[in-house]
1. Which condition breaks for MET165 when tested against (1) buried (at least 19 other Cβ atoms within 10 Å of the Cβ); (2) touching a helix residue (DSSP H, G or I) at 6+ places or on another chain (Cβ under 9 Å); (3) in a strand (DSSP E or B); (4) not polar (S, T, N, Q)?
2. I'd like the full set of residues that are touching a residue at least 40 places away in the same chain (Cβ under 8 Å) and in a loop (DSSP other than H, G, I, E, B), limited to the stretch 85-100.
3. How about the stretch 195-238: which of its residues are touching a residue at least 24 places away in the same chain (Cβ under 8 Å), of a type in the set (A, V, I, L, M) and in a loop (DSSP other than H, G, I, E, B)?
4. If a residue counts only when it is within 16 Å of GLN76 (Cα to Cα), which strands (runs of 3 or more DSSP E) contained entirely in the stretch 1-61 have at least 3 such residues?
5. Give the stretch 206-251 a look and list any residue that's closer than 19 Å to VAL80 by Cβ and at pLDDT below 95, or say none.
6. Could you please find all residues in the stretch 88-120 being surrounded by fewer than 13 Cβ atoms within 10 Å (Cβ to Cβ) and of a type in the set (Phe, Trp, Tyr)?
7. What residue, among those in the stretch 252-271 that are of a type outside the set (A, V, I, L, M, F, W, C) and under 17 Å from VAL141 (Cβ atoms), is modelled with the lowest pLDDT?
8. Take the residues in the stretch 170-188 that are in contact (Cβ under 8 Å) with a residue 40 or more places away in the chain and assigned to a helix (DSSP H, G or I); name whichever of them is surrounded by the fewest Cβ atoms within 10 Å (Cβ to Cβ).
Amino acid sequence: MVSQLFILTIISVDDGHVGFEVSGESERTAVKYDKKNSRFSFEDHDNLSEILANNQVQLQKVIKSALKGKPAPGRQIQCVFIKDFTFLNNHDYNHYIRIDRRGINPAISVSTEETNGIYKLYADGSYAKESNRSGYAGIIVNKEGNDEVYYGSFPGGSSCLMELMAVTEGLKQLGPVKKIRINTDSRFVIRGLAQWIHFWRLNNWQMAYGRKVRYAKHWQQLDKLSQGKLLELKWIKAHSGDNKHKLCHHLAKQLATRGIHEPITTASGGV
């Protein structure tokens, strides 16, 4: 994976534009970002400006993330660009998103067809404000079609954290298995695995505006568990009727509401 590190220094911020300077290893150039039209203009026509112009999708994501931190003039932002990185669009979530990390560099692709001969992992998480508890649940389906249910619960947490932990615990149980399809209704998890995690790893697990990535230790664990594997991500629309995901949702909700000290029931009467 060919990557480059840049430092962005905010020069000016107003309602319509952000002016900033980008510094590379030995070059620097000035850039202006039009927030309304999401467009960049480059004051110079040098090598660094050309690199930035060819990576405007990544640059835009960095600037939009930085703006969430409400940067003031003088603020420096460290960011990483990855050459020829594949970004997802909304239409891709209707298909199978693959992250192949069995080689030196991760390969990200989208297909209308599923991979045959693959373990399946269904996962869901839930948080109940009333009980201030969280729960996660998952089902592992092996190549022979046999199911194995797993789950957990604890005080506090959040829905996003539970979605993340549901997948993490499933990958832990699958151990050395190399090909896994993850079925989840969480775009948060899918975007993290297929997009953000590769930039966070190179940027010391920090966001563009300097804040540490939320749930960083969990993302780091998931990153480690993903190494050497082919992960096929399938987004399942919530409440779409998928029976296995419906069971995961049912269990996670029970766990968030009541914890694991009360009987946990499934559609078939027990776990």
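The values are calculated or read from the model by the stated rules, or taken from the named source; none is laboratory data. As the structure is a prediction and not an experimental result, all values here were calculated from the model. In this analysis, Cβ positions are derived from the backbone assuming ideal geometry, glycine residues included, and neighbour counts consider all displayed protein chains.
1. (3)
2. PHE85, PHE87, LEU88
3. Once the filter is applied, which keeps residues that are touching a residue at least 24 places away in the same chain (Cβ under 8 Å), of a type in the set (A, V, I, L, M) and in a loop (DSSP other than H, G, I, E, B), the stretch 195-238 yields MET207, ALA208, ILE236, ALA238.
4. Ranges flagged: 3-13, 17-23, 28-34.
5. GLN206, MET207, ALA208, TYR209, GLY210, ARG211, LYS212, VAL213, ARG214
6. Once the filter is applied, which keeps residues that are surrounded by fewer than 13 Cβ atoms within 10 Å (Cβ to Cβ) and of a type in the set (Phe, Trp, Tyr), the stretch 88-120 yields nothing.
7. Restricting to residues being of a type outside the set (A, V, I, L, M, F, W, C) and under 17 Å from VAL141 (Cβ atoms), the top hit is SER268.
8. Looking at residues that are in contact (Cβ under 8 Å) with a residue 40 or more places away in the chain and assigned to a helix (DSSP H, G or I), I get LYS172.
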